[in-house]
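The values are calculated or read from the model by the stated rules, or taken from the named source; none is laboratory data. As the structure is a prediction and not an experimental result, all values here were calculated from the model. Note that we place each Cβ from the backbone using ideal geometry, even for glycine, and neighbour counts take in every protein chain shown. Surface accessibility is based on the protein's heavy atoms, side chains included, excluding ligands, DNA and RNA. Shrake-Rupley method; radii C 1.70, N 1.55, O 1.52, S 1.80 Å.
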Amino acid sequence: MQKMNKDRKPSNRFFLLFSALVLTLPATGCDTDQRAKAPAGEETLISGVLQSADNGPVAGMIAIEEGRLYGKNYRYGGKVDSQGRFTVKVPRGGDYALHLYATGYIYHPVAVEIEGGRENSFTFSVPPNPALEEAPEITGVNFIPSERKKSVEIRLAVHDPNDDLSHQILGVNTSTGESFIFSPPGLILPWQKDYPNGTYTLVYETGDRPFSREEWLFVTADNRCYNSAVLGFPFTAEGVVEARQGSTAPAAEEQQTPGAGETGEQVFEKNCTPCHYRDKTEWKVGPGLQGLFQRQTTPALKQPVTEENIRQQIVQGGKQMPPYSHIQGEKLQALLEYLRTL
Amino acid sequence: MAAGLSPRPEKKNTARTVGFVVFLALAVLLTFGAHIVPAGGRRPLPTLEAHYRASVLRGWRLFQTSFARDGVACVHCHLDHESMGPWAPAYPKVEVFDGTPYEVKTLDQVVTEALSKHTDLHLRPDRAMIGDLVSYISWWGDGLEIRPGHSRSLPPPSSDLEALAQAVERGRRYFESGGQPSCSGCHPVEHPQKESLGLTRFPRYFPQRDQVLSLARFLTLHLTEKEQTEPSARLVTDLAAYLSGRAAGQVYLPGSPEEEDHAENE
């Protein structure tokens with residue numbers, strides 16, 4: 001009987017070592033939330049990137065509650081720059097609620113546990129506001145200093161077209177990294193959800209530090225998650241913090257081109273393939289769409305096959321088909337062009 | 001002495017390489033597989049049980065239909081369907097909207113609150129609409145791991161997980177000793193690996209009731225019949241939290257019909 005070759009070749013050691021490494025990866029903490037690792041004893045930072053639905057960076061502001069989401073304990077905050085980046089220092093690890101605001105977008109609240117002594121980094125995405133005309137507005141900002149009291153009273157005039165303001169009438173000092181909630185006019189009952197239109201106030205204690213209006217950003221939000229423009233100095237139209245560089249109506253543009261760069265095939269893949277075959281005429285959940293534009297009538301509604309009819313069916317839906325009114329503009333056109341190729 | 005029959009060196013190396021690749025694939029799958037949507041994603045709609053599928057499709061339609069004067073539908077803010085995947089397998093959990101209480105809620109409750117907040121329906125809850133939306137949301141979680149309290153990749157607040165743990169404990173106490181007879185009297189707590197209550201498959205169709213029912217809705221109906229009085233929302237949530245906790249780590253397969261009929265479950 002031939003003896004077994006007991007020589008251990010280098011490849012065997014590599015095999016064992018590599019396998020051991022793979023199996024111990026979870027124990028070493030292979031994070032999925034992109035938190036950067038910092039040595040213990042370092043500052044506790046909350047940082048990250050804010051982006052829109054098409055993954056482009058979005059500027060705005062962040063206000064942070066310490067403790068529970070909607071506990072109204074706003075303490076920290078900062079500016080989100082034109083590259084969508086933000087960094088806020090907090091005193092310790094624990095539970096925090098992050099509120100991200102961008103002009104023309106739906107605001108984004110996230111409750112999260114923060115690890116102390118390190119940088120906790122996240123990426124957030126906000127959708128464009130599909131109902132800009134329903135968003136609240138800050139219609140006026142006044143500063144009334146009191147040298148004797150070493151304070152400045154800040155007054156925000158706020159108006160919501162639907163009278164459904166939330167408690168989120170907020171200011172952020174981008175130099176000190178603090179956020180503040182403004183006091184409402186009049187009494188708010190404990191069970192009251194809709195805050196009134198009117199003038200909200202904050203008495204800011206300056207101490208010996210000179211007060212600078214340029215440091216401040218303000219925002220308000222309603223109970224439908226629509227927020228006002230993020231407003232900075234000089235607190236007029238010129239002070240609006242634009243979400244996207246070089247664009248005066250970023251949300252409107254994005255509504256027309258959500259998922260910029262998505263091909264018609266990608267739109268189809270994302271939205272249509274659960275119910276429609278592209279390479280057959282058989283029914284899946286809905287009819288197969290092969291040769292759609294070569295047919296006389298649409299398979300389900302029996303309407304003449306025209307681009308307009310197909311467009312209408314996509315947007316409005318059909319008998320059982322959901323409406324896809326959120327697919328608009330160039331994205332919708334790309335989808336129609338793709339359907340022609342089937 | 002017999003001639004040596006050992007493989008030639010090049011065949012040994014090939015076998016070793018193949019074995020290594022297989023081992024590596026298994027290691028990766030075991031390490032991360034519970035968090036990976038299986039190749040092909042969710043089970044295709046046509047393969048689902050018919051009543052559940054119909055509920056999913058109605059829910060899909062509702063999700064993309066506006067019930068608000070401003071024309072906004074759920075889909076306008078929740079553009080990325082895939083991000084909804086972890087939702088259903090995470091409930092019950094703490095969820096709070098501006099103006100709603102901080103507490104553990106079922107997905108049914110959260111959908112109800114969302115409709116109240118974002119539409120002009122002024123609901124006295126429309127159970128059918130809520131049930132269909134829950135079915136739709138559940139379908140996006142098909143094939144994912146059940147992870148109570150974890151609806152995002154971000155680490156949830158520890159206070160949220162504490163509140164959930166308290167709800168689970170309350171639910172466990174009721175399951176083991178509440179009611180006459182107790183739940184465990186008819187549903188003994190079995191070996192953790194054996195799960196006979198279909199906890200991974202809610203919502204699903206119950207033929208005897210001719211309805212697709214979420215776990216919360218099933219518990220409400222079941223307890224009402226058993227105790228001859230409608231249970232409190234708190235009790236239902238606590239029980240759902242406990243039962244969902246028992247399914248933690250398993251694959252979420254909503255809508256799957258029961259393979260073995262348990263009369264007590266219907």
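Some observations on this one:
- Accessible area of region A:41-184 belonging to carbon and sulfur atoms, whole % at 1.4 Å probe: 41
- For region A:324-338 versus region B:77-124, the gap between their alpha-carbon centres in whole angstrom: 29
- Simple label model, 7 Å out from Cα along Cβ direction - B:ARG43 to A:LEU301, nm: 3.2
- Tensor-based shape of region B:192-250 (alpha-carbon gyration tensor, a/c under 1.5 rounded, otherwise prolate or oblate): oblate
- Inter-chain Cβ neighbour count for A:119-130, averaged per residue, equals 3 (cutoff 10 Å, partner chain atoms only).
- Residues losing 50 Å² or more accessible surface upon assembly, region B:83-108, compared with the chain by itself, 1.4 Å: B:VAL96, B:ASP98, B:TYR102
- Take each residue of peptide A:107-118, count the partner chain Cβ atoms within 10 Å of its Cβ, and average: the result is 3.
- Sites A:ARG148 and A:ASP81 - FRET efficiency at Förster radius 25 Å, r taken between beta-carbons, to 0.05: 0.10
- Cα gyration tensor shape of region B:112-248, rounded if a/c is under 1.5, else prolate or oblate by comparing a/b with b/c: rounded
- Kirkwood-Stokes translational diffusion coefficient of region A:67-134, alpha-carbon pairs, 10 °C, 1.306 mPa s, µm²/s: 118
- Reported to the nearest whole Å, the Cα centre-to-centre distance from region A:166-232 to region B:222-240 is 43.
- Which listed pairs, of A:LYS72/A:LYS193; B:LYS93/B:LYS226; A:LYS284/B:LYS117, have C-alpha distances above 23 Å, in listed order: B:LYS93/B:LYS226; A:LYS284/B:LYS117
- Partner chain coverage, peptide B:62-70 - average Cβ within 10 angstrom: 4
- What the Kirkwood sum gives for region B:43-125 is a hydrodynamic radius of 14.3 Å, with every pair of different alpha carbons counted.
- With the biggest extent put first, the Cα atoms of region A:84-233 measure 43, 39, 32 Å across the principal axes.
- B:THR14/B:VAL251 FRET efficiency (R0 30 Å; Cβ-Cβ; nearest 0.05): 0.30
- Accessible surface ranking that places the most exposed of A:GLU238, A:GLU262, A:GLU214 first, with a 1.4 angstrom probe: A:GLU238, A:GLU214, A:GLU262
- Summed over both chains, the contact between A and B buries some 4500 Å² of accessible surface at a probe radius of 1.4 Å.
- Aspartates and glutamates with Cα under 19 Å of A:LYS270, excluding same-chain neighbours fewer than 8 positions away: A:ASP54, A:GLU254, A:GLU262, A:ASP279, A:GLU330, A:GLU337, B:ASP80, B:GLU82, B:ASP142
- Two-site FRET efficiency, A:ARG155 against B:GLU230, from Cβ-Cβ distance with R₀ of 45 Å, rounded to 0.05: 0.35
- For region B:72-161: rounded, prolate or oblate by the Cα gyration tensor [a/c cutoff 1.5]: oblate
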